[in-house]
Amino acid sequence: YVAAVYEHESILSPSPAALVERRSALELMGRNLDVYEQQVLAAARQGAQIIVFPEDGIHGFNFTRSSIYPYLDFIPHSHSGKWNPCREPYLFNDTEVVQRLSCMALKNKIFLVANLGTKQPCERTDPRCPADGRYQFNTNVAFAADGTLLATYRKHNLYFEYAFDTPPEPDYAFFDTPFAGKFGMFTCFDILFFEPAVNLIRQYNLKQIVYPTAWMNQLPLLSAVEFQQAFATAFNVNILAANIHHPTLGMTGSGIYTPVKSFIYHDMESYGGKLIVAEIPVITTDYKTNLEKTPGRVSEEGKEQSPPYFYAEMMYDNFTFVPVWGEKGEVQVCANTLCCYLNYQRAVLTDELYALGVFDGLHTVHGTYYVQACALVKCGGLSFSTCGQEVTDATALIDFQLWGNMSTPYIFPLLLTSGITLDFADHMGWKNNYYFLSKNRTSSGLLTAALYGRWYEKD
(Lines give C-alpha, C1' and ligand atoms only; values in the text may rest on other atoms or scores of the structure.)
Protein backbone atom coordinates (compact mmCIF):
# COMPACT_ATOMS: atom_id res chain seq x y z
CA TYR A 1 0.00 0.00 0.00
CA VAL A 2 1.05 3.63 -0.37
CA ALA A 3 1.48 5.59 2.86
CA ALA A 4 2.38 9.19 3.64
CA VAL A 5 3.66 10.95 6.74
CA TYR A 6 4.16 14.68 7.10
CA GLU A 7 6.83 16.24 9.30
CA HIS A 8 5.24 19.59 10.14
CA GLU A 9 6.89 22.79 11.26
CA SER A 10 4.04 24.02 13.47
CA ILE A 11 3.00 27.65 13.47
CA LEU A 12 3.24 28.28 17.20
CA SER A 13 1.45 30.67 19.51
CA PRO A 14 3.91 33.46 20.46
CA SER A 15 2.70 33.24 24.08
CA PRO A 16 1.16 29.82 24.79
CA ALA A 17 0.59 30.58 28.48
CA ALA A 18 -1.65 33.58 27.69
CA LEU A 19 -5.41 33.13 27.90
CA VAL A 20 -7.12 33.69 24.53
CA GLU A 21 -10.61 33.45 23.06
CA ARG A 22 -11.70 30.36 21.15
CA ARG A 23 -11.82 32.57 18.03
CA SER A 24 -8.10 33.41 18.08
CA ALA A 25 -7.23 29.81 19.02
CA LEU A 26 -9.13 28.63 15.94
CA GLU A 27 -7.37 31.24 13.83
CA LEU A 28 -3.93 29.93 14.83
CA MET A 29 -4.96 26.29 14.39
CA GLY A 30 -6.51 27.18 11.05
CA ARG A 31 -3.12 28.29 9.74
CA ASN A 32 -1.65 24.89 10.60
CA LEU A 33 -4.67 23.13 9.11
CA ASP A 34 -4.17 25.11 5.88
CA VAL A 35 -0.74 23.46 5.60
CA TYR A 36 -2.26 20.04 6.37
CA GLU A 37 -4.79 20.60 3.60
CA GLN A 38 -2.06 21.21 1.01
CA GLN A 39 -0.15 18.14 2.16
CA VAL A 40 -3.18 15.84 2.07
CA LEU A 41 -3.80 16.95 -1.52
CA ALA A 42 -0.14 16.40 -2.43
CA ALA A 43 -0.12 12.94 -0.82
CA ALA A 44 -3.37 11.91 -2.50
CA ARG A 45 -1.96 12.99 -5.88
CA GLN A 46 0.96 10.64 -5.28
CA GLY A 47 -1.44 7.78 -4.66
CA ALA A 48 -1.26 7.69 -0.85
CA GLN A 49 -4.08 5.74 0.80
CA ILE A 50 -3.29 6.96 4.32
CA ILE A 51 -1.54 10.03 5.75
CA VAL A 52 -0.28 10.62 9.30
CA PHE A 53 0.36 14.01 10.94
CA PRO A 54 2.47 14.67 14.06
CA GLU A 55 1.67 15.21 17.72
CA ASP A 56 1.09 18.87 18.70
CA GLY A 57 1.09 19.82 15.02
CA ILE A 58 -2.18 21.76 15.09
CA HIS A 59 -1.97 23.69 18.37
CA GLY A 60 1.71 23.61 19.36
CA PHE A 61 2.97 23.17 22.93
CA ASN A 62 4.03 24.78 26.23
CA PHE A 63 0.48 25.54 27.33
CA THR A 64 -0.85 25.55 30.87
CA ARG A 65 -3.98 23.62 31.75
CA SER A 66 -6.14 26.74 31.44
CA SER A 67 -4.38 28.37 28.47
CA ILE A 68 -4.86 25.32 26.23
CA TYR A 69 -8.61 25.19 26.91
CA PRO A 70 -9.69 27.40 23.94
CA TYR A 71 -7.69 25.10 21.63
CA LEU A 72 -9.56 21.93 22.66
CA ASP A 73 -12.21 20.24 20.53
CA PHE A 74 -14.98 18.12 21.98
CA ILE A 75 -14.92 14.50 20.87
CA PRO A 76 -17.46 11.94 22.04
CA HIS A 77 -15.16 9.12 23.05
CA SER A 78 -17.68 6.34 22.47
CA HIS A 79 -18.99 7.61 19.13
CA SER A 80 -16.10 6.17 17.10
CA GLY A 81 -17.13 4.73 13.77
CA LYS A 82 -20.60 6.28 13.68
CA TRP A 83 -20.02 9.99 13.30
CA ASN A 84 -18.90 11.80 10.16
CA PRO A 85 -17.94 15.32 11.33
CA CYS A 86 -17.72 16.68 7.78
CA ARG A 87 -21.22 15.51 6.89
CA GLU A 88 -22.77 16.02 10.35
CA PRO A 89 -21.04 19.11 11.72
CA TYR A 90 -23.99 20.10 13.90
CA LEU A 91 -24.05 17.07 16.21
CA PHE A 92 -21.67 18.58 18.78
CA ASN A 93 -20.30 22.00 19.67
CA ASP A 94 -16.59 22.88 19.52
CA THR A 95 -15.69 20.42 16.78
CA GLU A 96 -14.26 22.83 14.17
CA VAL A 97 -10.84 21.16 14.01
CA VAL A 98 -12.26 17.67 13.79
CA GLN A 99 -14.64 18.81 11.04
CA ARG A 100 -11.80 20.19 8.95
CA LEU A 101 -9.75 17.00 9.31
CA SER A 102 -12.79 14.89 8.42
CA CYS A 103 -13.43 17.00 5.31
CA MET A 104 -9.78 16.67 4.20
CA ALA A 105 -10.12 12.87 4.36
CA LEU A 106 -13.45 12.95 2.50
CA LYS A 107 -12.40 15.42 -0.17
CA ASN A 108 -9.21 13.51 -0.98
CA LYS A 109 -10.63 10.00 -0.36
CA ILE A 110 -7.76 9.17 1.97
CA PHE A 111 -7.48 7.71 5.46
CA LEU A 112 -6.15 10.42 7.77
CA VAL A 113 -4.59 10.36 11.25
CA ALA A 114 -3.94 13.54 13.22
CA ASN A 115 -3.35 14.67 16.80
CA LEU A 116 -5.22 17.39 18.66
CA GLY A 117 -6.27 18.45 22.15
CA THR A 118 -9.71 17.33 23.29
CA LYS A 119 -11.99 18.01 26.25
CA GLN A 120 -14.54 15.87 28.01
CA PRO A 121 -16.80 17.15 30.80
CA CYS A 122 -16.88 14.95 33.91
CA GLU A 123 -19.24 14.57 36.81
CA ARG A 124 -18.38 15.78 40.30
CA THR A 125 -19.26 12.25 41.42
CA ASP A 126 -16.28 10.91 39.42
CA PRO A 127 -13.46 10.71 41.98
CA ARG A 128 -10.88 11.36 39.23
CA CYS A 129 -12.68 14.40 37.82
CA PRO A 130 -10.31 17.42 37.91
CA ALA A 131 -11.33 20.48 39.91
CA ASP A 132 -12.32 22.40 36.78
CA GLY A 133 -14.93 19.77 35.90
CA ARG A 134 -13.36 18.47 32.73
CA TYR A 135 -10.78 16.08 31.38
CA GLN A 136 -8.25 17.35 28.83
CA PHE A 137 -6.61 14.75 26.63
CA ASN A 138 -3.79 14.58 24.10
CA THR A 139 -5.76 12.75 21.41
CA ASN A 140 -5.16 11.03 18.08
CA VAL A 141 -8.05 10.75 15.65
CA ALA A 142 -8.34 8.44 12.65
CA PHE A 143 -10.74 9.09 9.77
CA ALA A 144 -11.84 6.80 6.96
CA ALA A 145 -11.61 7.90 3.34
CA ASP A 146 -15.26 9.01 3.54
CA GLY A 147 -14.58 11.28 6.53
CA THR A 148 -16.05 8.96 9.20
CA LEU A 149 -14.33 9.13 12.60
CA LEU A 150 -13.02 5.58 13.01
CA ALA A 151 -11.04 5.67 16.22
CA THR A 152 -9.71 7.97 18.93
CA TYR A 153 -6.71 7.41 21.15
CA ARG A 154 -5.93 9.40 24.31
CA LYS A 155 -2.22 9.50 25.11
CA HIS A 156 -1.37 7.43 28.16
CA ASN A 157 2.29 8.19 28.87
CA LEU A 158 2.43 11.96 29.11
CA TYR A 159 5.83 13.66 28.86
CA PHE A 160 5.73 16.73 31.13
CA GLU A 161 2.37 17.72 29.64
CA TYR A 162 0.75 19.63 32.48
CA ALA A 163 -2.12 20.77 30.26
CA PHE A 164 -3.35 17.18 29.80
CA ASP A 165 -4.82 14.36 31.89
CA THR A 166 -3.95 10.67 31.75
CA PRO A 167 -7.02 8.64 30.76
CA PRO A 168 -8.38 6.42 33.57
CA GLU A 169 -7.58 3.24 31.60
CA PRO A 170 -5.18 2.75 28.68
CA ASP A 171 -6.96 3.09 25.33
CA TYR A 172 -6.36 0.21 22.92
CA ALA A 173 -7.08 2.03 19.68
CA PHE A 174 -7.05 0.54 16.21
CA PHE A 175 -9.03 0.90 12.99
CA ASP A 176 -9.59 -1.21 9.91
CA THR A 177 -8.61 -0.35 6.34
CA PRO A 178 -9.46 -2.12 3.07
CA PHE A 179 -5.84 -1.93 1.87
CA ALA A 180 -3.76 -3.14 4.83
CA GLY A 181 -6.07 -4.48 7.52
CA LYS A 182 -5.86 -3.14 11.05
CA PHE A 183 -3.73 -0.18 12.14
CA GLY A 184 -2.89 0.39 15.81
CA MET A 185 -2.38 3.87 17.20
CA PHE A 186 -0.32 5.43 20.01
CA THR A 187 1.67 8.60 20.61
CA CYS A 188 5.29 9.68 21.18
CA PHE A 189 6.51 8.66 24.68
CA ASP A 190 4.12 5.67 24.63
CA ILE A 191 6.66 3.85 22.45
CA LEU A 192 8.93 3.25 25.47
CA PHE A 193 6.28 1.53 27.64
CA PHE A 194 4.38 -1.74 27.81
CA GLU A 195 0.98 -0.04 28.17
CA PRO A 196 -0.64 0.46 25.83
CA ALA A 197 1.80 0.10 22.90
CA VAL A 198 3.19 -3.41 23.39
CA ASN A 199 -0.02 -4.80 24.83
CA LEU A 200 -2.02 -3.40 21.91
CA ILE A 201 0.24 -5.03 19.32
CA ARG A 202 0.26 -8.37 21.13
CA GLN A 203 -3.44 -8.58 22.01
CA TYR A 204 -4.72 -7.66 18.57
CA ASN A 205 -1.81 -9.09 16.56
CA LEU A 206 -1.33 -5.77 14.77
CA LYS A 207 1.10 -5.41 11.88
CA GLN A 208 0.66 -1.71 10.98
CA ILE A 209 1.10 1.20 13.40
CA VAL A 210 0.40 4.92 13.00
CA TYR A 211 2.51 7.04 15.29
CA PRO A 212 2.16 10.82 15.75
CA THR A 213 5.08 12.16 17.79
CA ALA A 214 6.75 15.36 18.96
CA TRP A 215 10.14 13.85 19.73
CA MET A 216 13.25 15.63 20.95
CA ASN A 217 16.24 13.68 19.73
CA GLN A 218 18.74 12.37 22.20
CA LEU A 219 21.82 10.63 20.93
CA PRO A 220 23.31 8.12 21.02
CA LEU A 221 20.36 5.82 21.84
CA LEU A 222 17.13 7.78 21.46
CA SER A 223 17.19 9.61 18.16
CA ALA A 224 13.69 9.54 16.64
CA VAL A 225 14.46 7.68 13.42
CA GLU A 226 16.81 5.30 15.23
CA PHE A 227 14.19 4.21 17.76
CA GLN A 228 11.29 4.18 15.31
CA GLN A 229 13.27 1.81 13.10
CA ALA A 230 14.24 -0.38 16.07
CA PHE A 231 10.59 -0.66 17.13
CA ALA A 232 9.50 -1.75 13.65
CA THR A 233 12.25 -4.37 13.65
CA ALA A 234 11.65 -5.59 17.21
CA PHE A 235 7.93 -6.13 16.76
CA ASN A 236 7.95 -7.00 13.04
CA VAL A 237 5.51 -4.20 12.19
CA ASN A 238 5.24 -1.35 9.71
CA ILE A 239 5.30 2.08 11.38
CA LEU A 240 4.12 5.36 9.91
CA ALA A 241 5.81 7.92 12.15
CA ALA A 242 5.19 11.67 11.84
CA ASN A 243 7.27 14.09 13.94
CA ILE A 244 7.17 17.85 14.19
CA HIS A 245 10.04 19.88 12.74
CA HIS A 246 11.66 22.34 15.14
CA PRO A 247 15.45 21.85 14.83
CA THR A 248 16.22 24.49 17.49
CA LEU A 249 14.41 22.22 19.96
CA GLY A 250 16.12 19.09 18.65
CA MET A 251 12.89 17.96 17.01
CA THR A 252 13.05 16.18 13.67
CA GLY A 253 12.92 12.63 12.41
CA SER A 254 9.97 10.98 10.67
CA GLY A 255 9.63 7.95 8.50
CA ILE A 256 7.82 5.03 7.00
CA TYR A 257 9.41 1.85 8.31
CA THR A 258 9.16 -1.82 7.57
CA PRO A 259 11.20 -4.39 9.53
CA VAL A 260 13.73 -4.47 6.68
CA LYS A 261 13.57 -1.08 4.98
CA SER A 262 13.02 2.58 5.88
CA PHE A 263 12.11 5.82 4.18
CA ILE A 264 13.26 8.49 6.59
CA TYR A 265 13.68 12.22 6.99
CA HIS A 266 16.12 13.65 9.52
CA ASP A 267 17.21 17.24 9.05
CA MET A 268 18.54 19.47 11.83
CA GLU A 269 19.67 22.20 9.42
CA SER A 270 16.77 23.48 7.36
CA TYR A 271 13.30 24.77 8.10
CA GLY A 272 9.87 23.89 6.74
CA GLY A 273 7.92 20.66 6.61
CA LYS A 274 8.53 17.47 4.67
CA LEU A 275 6.15 14.99 3.07
CA ILE A 276 7.32 11.38 2.78
CA VAL A 277 5.37 9.03 0.52
CA ALA A 278 6.36 5.38 0.11
CA GLU A 279 4.94 2.12 -1.07
CA ILE A 280 5.42 -0.66 1.46
CA PRO A 281 4.32 -4.29 1.70
CA VAL A 282 1.48 -5.31 3.98
CA ILE A 283 2.92 -7.56 6.68
CA THR A 284 0.77 -10.64 7.10
CA THR A 285 2.96 -13.29 8.69
CA ASP A 286 5.57 -13.44 11.39
CA TYR A 287 9.04 -14.20 10.24
CA LYS A 288 11.87 -14.98 12.61
CA THR A 289 15.41 -13.89 11.98
CA ASN A 290 17.78 -16.83 12.04
CA LEU A 291 21.30 -16.69 13.30
CA GLU A 292 23.58 -18.60 11.05
CA LYS A 293 26.48 -19.08 13.36
CA THR A 294 27.08 -19.00 17.06
CA PRO A 295 29.81 -16.50 17.87
CA GLY A 296 32.90 -17.69 19.68
CA ARG A 297 32.79 -17.18 23.42
CA VAL A 298 35.22 -14.65 24.77
CA SER A 299 38.30 -16.69 25.57
CA GLU A 300 39.52 -16.97 29.15
CA GLU A 301 43.22 -16.60 28.45
CA GLY A 302 44.73 -13.20 27.90
CA LYS A 303 42.59 -11.65 30.65
CA GLU A 304 45.54 -9.80 32.12
CA GLN A 305 45.83 -7.65 29.02
CA SER A 306 42.12 -6.78 29.07
CA PRO A 307 41.54 -3.07 28.47
CA PRO A 308 40.56 -0.85 31.41
CA TYR A 309 36.98 -0.39 32.55
CA PHE A 310 35.83 3.19 32.96
CA TYR A 311 32.58 4.95 33.80
CA ALA A 312 30.89 7.76 31.87
CA GLU A 313 27.45 9.27 31.73
CA MET A 314 25.37 8.43 28.68
CA MET A 315 21.67 9.29 28.32
CA TYR A 316 21.82 10.47 31.97
CA ASP A 317 22.75 6.95 33.08
CA ASN A 318 26.05 5.78 34.53
CA PHE A 319 27.39 3.34 31.95
CA THR A 320 30.36 1.03 32.51
CA PHE A 321 32.57 1.12 29.42
CA VAL A 322 35.52 -0.68 27.95
CA PRO A 323 37.49 0.93 25.08
CA VAL A 324 37.43 -0.73 21.66
CA TRP A 325 41.02 -0.34 20.54
CA GLY A 326 43.03 -1.56 17.59
CA GLU A 327 42.11 -3.16 14.34
CA LYS A 328 40.24 -6.15 15.74
CA GLY A 329 39.51 -7.93 18.96
CA GLU A 330 37.04 -9.25 21.49
CA VAL A 331 35.91 -7.33 24.55
CA GLN A 332 33.33 -7.78 27.24
CA VAL A 333 31.86 -5.58 29.96
CA CYS A 334 29.34 -6.38 32.70
CA ALA A 335 27.04 -4.58 35.15
CA ASN A 336 24.60 -6.20 37.57
CA THR A 337 23.32 -9.33 35.80
CA LEU A 338 24.05 -8.10 32.28
CA CYS A 339 27.21 -8.92 30.32
CA CYS A 340 27.85 -7.52 26.86
CA TYR A 341 30.28 -9.05 24.36
CA LEU A 342 31.74 -7.67 21.17
CA ASN A 343 33.82 -9.17 18.36
CA TYR A 344 35.00 -6.50 15.96
CA GLN A 345 37.20 -5.80 12.99
CA ARG A 346 37.82 -2.38 11.50
CA ALA A 347 38.33 -1.96 7.77
CA VAL A 348 40.88 0.82 8.32
CA LEU A 349 42.20 2.12 11.60
CA THR A 350 40.85 5.64 12.00
CA ASP A 351 41.67 8.27 14.59
CA GLU A 352 38.39 7.70 16.47
CA LEU A 353 37.68 6.25 19.90
CA TYR A 354 34.92 3.67 20.26
CA ALA A 355 33.75 2.03 23.45
CA LEU A 356 31.43 -0.80 24.48
CA GLY A 357 29.10 0.24 27.28
CA VAL A 358 26.69 -1.59 29.56
CA PHE A 359 23.83 -0.31 31.72
CA ASP A 360 21.41 -2.46 33.70
CA GLY A 361 19.23 -0.31 35.92
CA LEU A 362 16.40 2.13 36.42
CA HIS A 363 16.56 5.22 34.22
CA THR A 364 15.19 8.16 36.21
CA VAL A 365 15.67 11.38 34.22
CA HIS A 366 12.77 12.62 32.01
CA GLY A 367 10.74 9.54 32.90
CA THR A 368 11.30 6.42 34.97
CA TYR A 369 11.81 3.09 33.24
CA TYR A 370 14.14 0.08 33.51
CA VAL A 371 16.77 -0.31 30.81
CA GLN A 372 19.20 -3.10 29.94
CA ALA A 373 21.57 -1.85 27.29
CA CYS A 374 24.67 -3.06 25.47
CA ALA A 375 25.99 -0.26 23.29
CA LEU A 376 28.94 0.16 20.96
CA VAL A 377 29.31 3.92 20.51
CA LYS A 378 31.66 6.37 18.91
CA CYS A 379 32.99 8.73 21.60
CA GLY A 380 32.93 12.51 21.22
CA GLY A 381 36.71 12.77 21.33
CA LEU A 382 39.74 10.68 22.17
CA SER A 383 39.46 10.76 25.97
CA PHE A 384 37.29 8.31 27.94
CA SER A 385 35.21 11.14 29.41
CA THR A 386 33.81 11.91 25.93
CA CYS A 387 32.17 8.49 25.60
CA GLY A 388 28.40 8.85 25.76
CA GLN A 389 28.37 12.30 24.19
CA GLU A 390 26.09 13.16 21.27
CA VAL A 391 27.99 12.44 18.05
CA THR A 392 26.58 12.80 14.54
CA ASP A 393 29.49 11.93 12.25
CA ALA A 394 31.89 9.01 12.00
CA THR A 395 34.19 7.45 9.42
CA ALA A 396 35.08 4.03 10.88
CA LEU A 397 33.65 1.06 9.00
CA ILE A 398 33.41 -1.81 11.47
CA ASP A 399 32.40 -5.46 11.11
CA PHE A 400 30.96 -6.54 14.42
CA GLN A 401 29.01 -9.06 16.36
CA LEU A 402 27.42 -7.76 19.55
CA TRP A 403 25.64 -9.95 22.06
CA GLY A 404 24.37 -9.88 25.62
CA ASN A 405 22.64 -12.12 28.15
CA MET A 406 19.54 -9.94 28.27
CA SER A 407 16.89 -10.71 30.92
CA THR A 408 13.97 -9.26 28.95
CA PRO A 409 12.53 -10.45 25.64
CA TYR A 410 11.93 -6.85 24.55
CA ILE A 411 15.11 -5.85 22.71
CA PHE A 412 15.29 -2.89 20.33
CA PRO A 413 18.23 -3.28 17.93
CA LEU A 414 19.75 0.14 17.18
CA LEU A 415 22.06 0.71 14.22
CA LEU A 416 22.88 4.31 13.43
CA THR A 417 25.47 5.51 10.93
CA SER A 418 27.15 8.80 10.10
CA GLY A 419 24.88 11.78 9.46
CA ILE A 420 22.04 10.11 11.41
CA THR A 421 21.33 7.53 8.72
CA LEU A 422 20.08 4.02 9.34
CA ASP A 423 21.53 0.65 8.52
CA PHE A 424 20.17 -2.87 8.87
CA ALA A 425 21.82 -5.74 10.68
CA ASP A 426 22.80 -8.84 8.74
CA HIS A 427 21.59 -11.07 11.55
CA MET A 428 19.85 -10.59 14.84
CA GLY A 429 17.81 -12.56 17.31
CA TRP A 430 18.07 -15.00 20.18
CA LYS A 431 20.48 -17.90 20.49
CA ASN A 432 20.32 -19.72 23.80
CA ASN A 433 19.99 -16.92 26.36
CA TYR A 434 21.87 -14.33 24.34
CA TYR A 435 20.55 -11.73 21.95
CA PHE A 436 22.78 -11.04 18.93
CA LEU A 437 23.25 -8.27 16.43
CA SER A 438 25.80 -8.63 13.66
CA LYS A 439 26.86 -6.59 10.66
CA ASN A 440 29.58 -6.91 8.05
CA ARG A 441 30.64 -3.46 6.99
CA THR A 442 28.18 -0.67 7.72
CA SER A 443 27.18 1.50 4.76
CA SER A 444 28.91 4.52 6.34
CA GLY A 445 30.83 5.34 9.53
CA LEU A 446 29.36 3.67 12.62
CA LEU A 447 27.82 5.93 15.28
CA THR A 448 25.92 3.43 17.42
CA ALA A 449 25.20 -0.27 17.44
CA ALA A 450 23.18 -1.24 20.46
CA LEU A 451 20.82 -3.67 22.08
CA TYR A 452 18.35 -1.49 23.95
CA GLY A 453 16.36 -3.74 26.25
CA ARG A 454 13.24 -2.64 28.11
CA TRP A 455 12.53 -4.66 31.25
CA TYR A 456 8.93 -3.49 31.71
CA GLU A 457 8.23 -5.47 34.89
CA LYS A 458 10.93 -3.55 36.74
CA ASP A 459 9.70 -0.03 35.87
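Any idea which of Phe160, Phe189, Phe174, Phe164 is of a type in the set (A, V, I, L, M, F, W, C), more than 26 Å from Ile68 (Cα to Cα) and either touching a Phe, Trp or Tyr at 6+ places or on another chain (Cβ under 6 Å) or in the same structural domain as Tyr71 (by the TED database) (or both)? Write out each step before concluding.
Working: Phe160 fails: more than 26 Å from Ile68 (Cα to Cα); Phe189 fails: more than 26 Å from Ile68 (Cα to Cα); Phe164 fails: more than 26 Å from Ile68 (Cα to Cα).
One residue alone meets the criteria, Phe174.
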Pairs returned, first residue in the range 59-75 that is among the charged types (D, E, K, R), second residue that is in a helix (DSSP H, G or I), beta-carbon separation under 8 angstrom, 6 or more apart or interchain, are Asp73/Glu96; Asp73/Val97; Asp73/Val98
task = Take Leu72 and decide whether it is surrounded by fewer than 22 Cβ atoms within 10 Å (Cβ to Cβ), of a type in the set (A, V, I, L, M, F, W, C) and either on the phi > 0 side of the Ramachandran plot or modelled with pLDDT of 95 or more (or both).
result = no
Residue pairs qualifying under the 8 Å Cβ cut-off, at least six apart or on distinct chains, with the first in the range 193-207 being not assigned by the TED database to the domain that holds Asn140 and the second being assigned to a helix (DSSP H, G or I) and of a type in the set (A, V, I, L, M), are none
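Any residue at all in the range 149-156 that's within 23 Å of Tyr452 (Cα to Cα) and touching a residue at least 40 places away in the same chain (Cβ under 8 Å)?
Step one: filter the range 149-156 for residues within 23 Å of Tyr452 (Cα to Cα), giving 156.
After this cut, where a residue has to be touching a residue at least 40 places away in the same chain (Cβ under 8 Å) as well, the list is 156.
Yes, the range 149-156 contains a residue that is within 23 Å of Tyr452 (Cα to Cα) and touching a residue at least 40 places away in the same chain (Cβ under 8 Å).
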Conditions (1) under 27 Å from Thr252 (Cα atoms); (2) of a type in the set (A, V, I, L, M); (3) touching a Gly at 6+ places or on another chain (Cβ under 9 Å); (4) free of Cβ contacts under 8 Å to residues at least 60 places away in the same chain -> Leu451 fails only (4)
Taking the range 402-424 and keeping residues surrounded by fewer than 21 Cβ atoms within 10 Å (Cβ to Cβ) and among the hydrophobic types (A, V, I, L, M, F, W, C) leaves Phe424
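Quick check: anything in the range 52-60 assigned by the TED database to the domain that holds Phe92, open to solvent by 30 Å² or more (accessible area, probe 1.4 Å) and at pLDDT 95 or above? Working first, answer last.
Applying the first criterion (assigned by the TED database to the domain that holds Phe92) to the range 52-60 yields 52-60.
Adding the requirement that they be open to solvent by 30 Å² or more (accessible area, probe 1.4 Å) leaves none.
No - not one qualifying residue is present in the range 52-60.
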Reported set for the range 190-238 where residues are of a type in the set (Ser, Thr, Tyr) and either open to solvent by 10 Å² or more (accessible area, probe 1.4 Å) or assigned to a strand (DSSP E or B) (or both) is Tyr204, Tyr211, Thr233
When (1) assigned to a loop (DSSP other than H, G, I, E, B); (2) in contact (Cβ under 8 Å) with a residue 40 or more places away in the chain are applied to Val98, the one that fails is (1)
When (1) more than 22 Å from Phe179 (Cβ to Cβ); (2) part of a strand (DSSP E or B) are applied to Ala278, the one that fails is (1)
Picking from Gly380, Gly357, the residue that is open to solvent by less than 10 Å² (accessible area, probe 1.4 Å), in the same structural domain as Thr442 (by the TED database) and small (Gly, Ala, Ser) would be Gly357
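The values are calculated or read from the model by the stated rules, or taken from the named source; none is laboratory data. Bear in mind the structure is a predicted one, so any value in this text is a computation, not a measurement. Methodologically, a virtual Cβ is constructed for each residue, glycine included, from the backbone with ideal geometry; neighbour enumeration extends over all protein chains shown. With ligands, DNA and RNA removed, areas are computed over all heavy atoms of the protein, side chains included. Shrake-Rupley method; radii C 1.70, N 1.55, O 1.52, S 1.80 Å.
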